[in-house]
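**Student:** Dumping the structure here so I can ask a few things about it.
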Amino acid sequence: MKKRVNVGKKILIANEEYALKNSQFLAKQKKLCLNMISSPGSGKTTILVRTISELKNKIKIGVIEGDIQTDIDAKRIKATKAPAVQIETGGSCHLSAAQVSGALNNLPVSDLDLIFIENVGNLICPTAFELGEWGKIAVLSVAEGDDKPAKYPAIFAKSKVLLINKIDLLSIGALVDFDIERVRADVRKLNKDIKILPVSAKTGQGMADWYDWLKEAVKIYKANN
């Protein structure tokens, strides 16, 4: 009699074991870790570059960069003088907890307050793989359309914060058709506790609210671990 093996289940179990180790390591070190997930082109890296630059005297930030190929985004992070480790997945649409574990060994974790994981650009795959992070941050740009929470509910249901990026484009009403109130309503149906912050990483609009949330999250995490 042949034994059936669910390969997908085995992969997730192995990933969860690494994720637990990462979570325990980060808790012991008292380092907040956030997993940033979005579609390609939403502006994750631009958000991180501006965040690091404007909080450099208040929060020490390191970044784990995930891309299918190239280190373009990691170079942008390093240009801010923040430490960054690049992971190239070689085709995989998400980072794994094992990859993050290796990256943590190459970051100066003891010198940091906050570690961002910038996941591979994808709204589906990264959502299914826990990495040991404290929380997920979803990024949705207005250029993507306001139907994404309805189409891809899992990431919005699991995230602590939704950053609605590129809101400066809303002033060009004829070119961008995006209903923020529809997004708010759809996301609240999925996650009543999520923090929704409209921002523009380009102009800086709304970013102060994001910084306030980060500073409070770092403070709370350190106090509770």
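**Student:** Calculate the FRET efficiency for ASP212 and ILE180 from the Cβ-Cβ distance with a Förster distance of 25 Å, rounded to the nearest 0.05.
**Tutor:** For ASP212 and ILE180, the calculated efficiency is 0.80.
**Student:** If I take R0 = 45 Å and measure r between the Cβ atoms of GLN29 and LYS189 in this structure, what FRET efficiency does the formula 1/(1 + (r/R0)^6) give, to the nearest 0.05? Please report the intermediate quantities before stating the final value.
**Tutor:** Working: r = 36 Å, r/R0 = 0.81.
Working from the Cβ atoms, E equals 0.80.
**Student:** Something else: If you stretched the chain out fully between ILE124 and SER101, how much longer would it get, using 0.36 nm times the residue separation minus the C-alpha to C-alpha distance? Don't jump to the answer; show the numbers that get you there.
**Tutor:** Values: separation 23, 0.36 × 23 = 8.28 nm, distance 2.16 nm.
Residue separation times 0.36 nm, minus the Cα-Cα distance, leaves 6.1 nm.
**Student:** For the pairs LYS158/LYS202; LYS21/LYS189; LYS31/LYS158; LYS44/LYS158; LYS78/LYS160; LYS21/LYS151, flag any whose C-alpha to C-alpha distance is greater than 24 Å. Provide the component values of the computation, followed by the final result.
**Tutor:** Working: LYS158/LYS202 26 Å; LYS21/LYS189 32 Å; LYS31/LYS158 20 Å; LYS44/LYS158 18 Å; LYS78/LYS160 26 Å; LYS21/LYS151 32 Å.
Where the Cα-Cα span goes over 24 Å, the pairs concerned are LYS158/LYS202; LYS21/LYS189; LYS78/LYS160; LYS21/LYS151.
**Student:** Pull the list of the chain cysteines that no other Cys approaches to under 4.7 Å, Cβ to Cβ.
**Tutor:** Flagged as lacking a Cys partner: CYS33.
**Student:** Within the stretch 75-102, find all residues whose amide N lies under 20 Å from a label point positioned 7 Å from the Cα of ALA154 along Cα-to-beta-carbon.
**Tutor:** So the set is 89-100.
**Student:** Among the aspartates and glutamates, select those whose C-alpha is under 20 Å from the C-alpha of LYS9, and discard any that sit fewer than 8 residues away in the same chain.
**Tutor:** In chain and number order, the partners are GLU17, GLU130.
**Student:** Considering only C-alpha atoms, what is the centroid distance from the stretch 182-225 to the stretch 41-88, in Å?
**Tutor:** Answer, in whole Å: 19.
**Student:** Once the Cα gyration tensor of the stretch 7-224 is found, what semi-axes does its equivalent ellipsoid get, as square roots of 5 times the eigenvalues, in whole Å, sorted largest first? Show your work: numbers first, answer last.
**Tutor:** Working: eigenvalues 133, 82, 58 Å².
Semi-axes from the Cα gyration tensor: 26, 20, 17 Å.
**Student:** Near LYS219, which aspartates and glutamates are there with a Cα under 20 Å away, not counting those fewer than 8 places off in the same chain?
**Tutor:** Of all the aspartates and glutamates, those that pass the test against LYS219 - Cα under 20 Å, at least 8 places apart if same chain - are GLU54, ASP111, ASP113, GLU133, ASP193, ASP209.
**Student:** Still on this model: Starting from the Cα of ASP111, step 7 Å along the direction of its Cβ; do the same at ALA14; then give the gap between the two resulting points in nm.
**Tutor:** So the label points at ASP111 and ALA14 sit 3.4 nm apart.
**Student:** Turning to a different aspect of this structure: Quick check on the chain: helices-only [θ] at 222 nm, where DSSP H runs of length 4 and up contribute -39,500 (n - 2.57) each and the sum goes over total residues. Nearest 500, please.
**Tutor:** Details: 9 runs with 93 residues, N = 225.
It lands at -12500 deg cm²/dmol.
Bear in mind that the values in this text are calculations on the coordinates, not laboratory data. Quick caveat: nothing in here was measured; it's all calculated off a predicted structure. Ideal geometry is used to build each Cβ from the backbone, glycine not excepted, and the neighbour counts take in all protein chains shown.
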